[in-house]
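Scroll down for the structure; my scribbles are underneath it.
Read-outs throughout are calculated quantities, based only on the coordinates presented, and are distinct from any laboratory measurement. This is a predicted model, so every value here is computed, not measured. Note that we place each Cβ from the backbone using ideal geometry, even for glycine, and neighbour counts take in every protein chain shown.
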Amino acid sequence: MRGLKLIDRFKSAQVHAFNPTDNSAGKTPRGGAARAKLEAQIIKSLVSNSKPSKAHNSVSVSEALLPYGLPATDLLEPGLDPHLKPVDLVESLAELYRRIESCPSTSKKSSLFVEQYSLARGLGDPKLLRRCLRAARQHAEDVFSKVVLSAWLRFERREDELVGVSAMDCGGYVVECPKAALVKGYAPDSVFDRCQCRCGPFEVINNPVFKENECLSSEDNDVSFYIGNEEIKCVRYRMGTLSTPFKAMLYGSFKESRKGKIDFSQNGISMEGMRAVEVYSRTRSLEFLSPKIVVELLSFSNRFCCDEMKSACDAHLASLVVTIDDALLLIEYGLEETADLLVASCLQVLLRRLPSSLCRPKVMKFLCSSETRGRFAMLGGASFLLYCFLGQVAMEESMVSKMTVKLLKRLGECATERWQKALAAHQLGCVLLERREFIAAHCHFEAAVEAGHVYSMAGVARAKHKQGQQYSAYKLMSSVISEYKPAGWMYQERSLYNIGKEKVSDLTTATKMDPTLSFPYKYRAVAKMEEKQIRAGILEIDRIIGFGLSPDCLELRAWFFIALEDYENAIRDIRVILTLEPNYMMFGGKVRGDYLIKVLSRLVQKWSQADCWMCLYERWSSVDDIGSLAIIHQMLGSDPANSVLRFRQSLLLLRLNCQKAAMRSLRLARNHSSSEHERLVYEGWILYDTGNREEALSRAEKSISIQRSFEAFFLKAYVLADTSLNPESSSCVIQLLEEALRCPSDGLRKGQALNNLGSIYVDCGHLDQAAGCYKNALDIKHTRAHQGLARVYHLRNQRKAAYDEMTKLIGKAENNAPAYEKRSEYCDDREMAKQDLDTATELDPLRTYPYRYRAAVLMDDQKENEAVEELTKALSFRPDLQMLHLRAAFYDSMGNTTSALRDCQAALCLDPNHTDTLDLYNRAHNSAMHN
């Protein structure tokens, strides 16, 4: 998967994208009436002009849209990334890996993995982020850290969106089990074991309190405690075992040791409470006690240092916390009585219900309070970890809310290490900048810079610019470029404060150094539009959309299509925007996207569901993933509960590397499934995509046992093929795919199954069967099968036929960067291969194979420095495991052991189990030790 920043939900992608009508640019208006008025005006303006001639209609549509914010170059502005962004990410990853490997403290190691998570946020790789959190949970010692990390893992999977799944359900493994999180102690080896518990709601026992005769026992009651006039008969020896103070009082030099009757009326305990103390002294049990009495015992235990009874009360009350109301009530008692298990259990209930729990005013007030933060800290409640998690959730919900500001302030108060201070200050600066509180934002960005976060210099410059200090901002960014290793974001930021040719030059340099930055493409596209070169503007924005799908770029292209009166393509882009972000607001945050579709749909031909299916088949076959997404969105408009369409939507989104949106579609498919066997399949895919392969396989098998279906067999085959492909498992996968093909399905899915089956046959050396599968797939217009057939020709030494087959794919596919890359393998000479790879890089600079190939060619030609530079160019914006390993191998062959070790360490920080890198690292390390 290509890791893209655009899929981060909290990133403000549409801020300052269009010309605002007031001073609140970038903020989504909350007033429903005002928004409805705007929408009504647009509908009236557009619909009233939907029938005149083409020339007049184009003008009238533009006039209708003009008051709501047309694109303008002088108002375009990129968002700031609200996460850690080191100047030299490779060195930062390597340095972090060294600290993790040499860390002797288990609790410190857990904190290091949280730091790794914060550092990896900018890479946009959900699997890497999940691995970081799982490693942090593995090495967590205290219950607070376990609770926060388990809830964080659950939040990353967005399980709150699954219908019928309780917040306290166990995911099947210790690492995320809510009960296991409340178990004290350090057990890293068992954290990934399957959990044997049944984590249903805890049973709440709320029976009446003990009556007087229930306190009697067969032992001699030799002392009585009086609460007012009520007598509680006790066994002196048993009471003395409760704590050292009790033993001293009853057996020491105190006068109570000589008394048979002791007045306890002034010690803050009720008659029922004292009876419960007596029973506990004999039975060491809290069974049948009401929560109210147990809370009283907890307080009593604290006053008289009854540690064993306090622990028992703490654990008992913790087991009673079920609802948010329970948590809010009992957490106050827990904090007051320093009952860490109770506090952790209450906190767990609140955290595992995020983000919805933050919508409750009492929860928000409690968690945002500075007093609460201080009480957590006194209890050792992993405060920074807690507020780091809460801050992320709040930013994803709203970058401009007061709640977000308060939580990030609490995060800053908890920060102790430099990276923590940098993260807290930078995130708060980003939020304050969005809120247009420029002076405060300036201060926090400077604090982040002081903590060593150079990227926050961009925030300082932006805040200066907003305060009218444009030249000061320009000088600041110029100094950053001269003092540090130049990066694309530096030139992009300086371009905001530049003019004329210098501005264009900075943007060109930014794209050259980091082609994944979207702002330069957007600026150049809008500049061409302002010069009346709209089609040239579309071509420019197509460059970034081709490999980095983002709502703001799609919105910009939709504007261009509207200006050209190409309403069908405009609607297509808006539908894809709403697929990525269902609540996306158009016109700079003033009109809902679905309203705009409603308006523009009046200007285009209407399609039936049958028409949509035909069009979907054509666009899927032409590898037009964006067009296919738009068709599915249109079909879901009339059938929103169609789980099959939701599933297809998720497949397309995964192909486009929009993993968060894909998982949302998959969850909706699961929620809308009409049968148990269908639901099990979608749950299996969710589990597979979150790394739980065994559970995914189990779901597939259970689904097959209920009803044989294409999707169940396909899921099982896919999981087995990805797990291990030895001859035995390959035979099993072949049988499963053949079973899938015998089940009813449509050509879109059967083509995929035939393609996969052909791939397995190739791996097994059965080329004739593979060729048959690929040809059958092509017969039902599964265009990607051209690539598999080319591979068969290549293995038969029919190089020309392989080349021609890939040429056919290039001609048919809308997204053909992978085809150019693959065709390069079948070129007759090196120059032709280089041309294809250069084209692939131009179409999709995130593909790493072209860089590695060019570097290997340079290395073969003894051009060592040029080979290293080719990889360095790509690593500057895409730290990739394979490229890091190859550059480390180059350095090792050049005798540069230090650089080889650094690249190995950075690669192992991304994947600590990568065998080839581990071998190279050990060799380089041994070489360094002997030199």
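Hey, if you drop one equal point scatterer on each alpha-carbon of segment 223-352 and run the Debye formula without solvent, what base-10 log of I(q)/I(0) do you get at q = 0.13 Å⁻¹?
With one equal scatterer per Cα and no solvent, log10 I(q)/I(0) is -0.54.
For the residue pair Glu336 and Leu918, what label-to-label distance in nm results when each label sits 7 Å from Cα along the Cα-to-beta-carbon direction?
The answer from the label model is 5.3 nm.
Which trypsin sites (Lys or Arg not before Pro) from segment 606-671 combine a DSSP loop assignment with at most 12 other Cβ atoms within 10 Å?
Lys606
Determine the alpha carbon to alpha carbon distance for each of Lys475/Lys501; Lys127/Lys365; Lys406/Lys503; Lys409/Lys466; Lys365/Lys590 and list only those over 28 Å.
Violating the 28 Å limit, Cα to Cα: Lys127/Lys365; Lys406/Lys503; Lys365/Lys590.
Points 7 angstrom from Cα along the Cβ direction at Ser257 and Glu531: gap in nanometres?
According to this spin-label approximation, the distance is 9.8 nm.
On the principal axes of its Cα set, how long, how wide and how thick is segment 654-789? Give whole Å, largest value first.
The Cα atoms of segment 654-789 stretch 41, 30, 27 Å along their principal axes.
So for segment 89-182, what are the equivalent ellipsoid semi-axes in whole Å, largest first, each being the square root of 5 times an eigenvalue of the Cα gyration tensor?
26, 17, 8
Count the lysine pairs in segment 218-360 whose Cα atoms lie under 21 Å apart, taking only pairs 8 or more positions apart in sequence or on different chains.
For segment 218-360, qualifying lysine pairs total 9.
For segment 358-423, run through the chymotrypsin sites (Phe, Trp or Tyr not before Pro) and keep only the ones in DSSP coil with at most 16 other Cβ atoms within 10 Å of their Cβ.
Filter output for segment 358-423: empty list.
If R0 is 56 Å, what FRET efficiency do you get for Lys402 and Trp607 from their C-beta distance, rounded to 0.05?
0.80
Select from segment 516-577 those trypsin sites (Lys or Arg not before Pro) which occupy a DSSP coil region and have at most 16 other Cβ atoms within 10 Å, ordered by residue number.
Lys532
Sort largest first and round to whole Å: the equivalent ellipsoid semi-axes of segment 741-826, each the square root of five times a Cα gyration tensor eigenvalue.
Each semi-axis is the square root of five times an eigenvalue, giving 21, 16, 9 Å.
Which FRET efficiency, nearest 0.05, do Glu95 and Met929 yield, Cβ-Cβ r, R0 22 Å?
0.65
Which links in Lys485/Lys873; Lys512/Lys822; Lys512/Lys532; Lys108/Lys179 stretch past 19 Å when you go from one Cα to the other?
Correct reply: Lys512/Lys822; Lys512/Lys532; Lys108/Lys179.
Can you run the Rg to Rh ratio on segment 371-517? Use alpha carbon positions and the Kirkwood inverse-distance Rh.
With Rh from the inverse mean 1/r over Cα pairs, Rg/Rh is 1.05.
Along the Cα-to-Cβ line of Arg655, 7 Å from the Cα, sits a label point; which residues in segment 625-644 have backbone N less than 13 Å from it?
Backbone N within reach: 625-632.
Sort 137-147, 501-511, 390-400 by packing, meaning the average of other beta carbons within 10 Å per residue, with the highest value first.
Taking the mean over residues of other Cβ atoms within 10 Å, the ranking is 137-147, 390-400, 501-511.
By how many nm would the segment from Glu156 to Arg303 grow when fully extended, if each residue of separation counts as 0.36 nm and the alpha-carbon distance is taken off?
Full-extension gain reported as 48.8 nm.
Could you give the C-alpha radius of gyration of the chain expressed as a fraction of 2.2 N^0.38 Å, taking N as the number of residues it contains?
Normalised Rg, Cα atoms only: 1.08.
Taking the Cα centre of the chain as origin, work out the dipole magnitude from +1 charges on Lys and Arg Cβ and -1 charges on Asp and Glu Cβ, in debye rounded to 20.
With only Lys, Arg, Asp and Glu charged at Cβ, the dipole is about 1680 debye.
Expected output is a single nm value to one decimal: the length gained when fully extending between Arg436 and Asp566, i.e. 0.36 nm times separation in residues minus the C-alpha distance. What is it?
43.2 nm
What FRET efficiency comes out for the pair Ser265/Asp325, r = Cβ-Cβ distance, R0 = 30 Å, nearest 0.05?
0.35
Roughly what would the spin-label model give for Arg796 and Glu413, points 7 Å off Cα along C-beta, in nm?
A separation of 7.3 nm, rounded to one decimal place.
With respect to the cross-link table entries Lys598/Lys775; Lys109/Lys660; Lys109/Lys522, which display a Cα-Cα separation exceeding 31 Å?
Those over the limit are Lys598/Lys775; Lys109/Lys522.
How do 110-116, 412-418 rank on mean C-beta neighbours within 10 Å, highest first?
Going by the mean number of other Cβ atoms within 10 Å, highest first, we get 110-116, 412-418.
Could you give the length gained on full extension between Asp860 and Val183, defined as 0.36 nm per residue of separation minus the Cα-Cα distance, in nm?
In short, 238.0 nm is gained.
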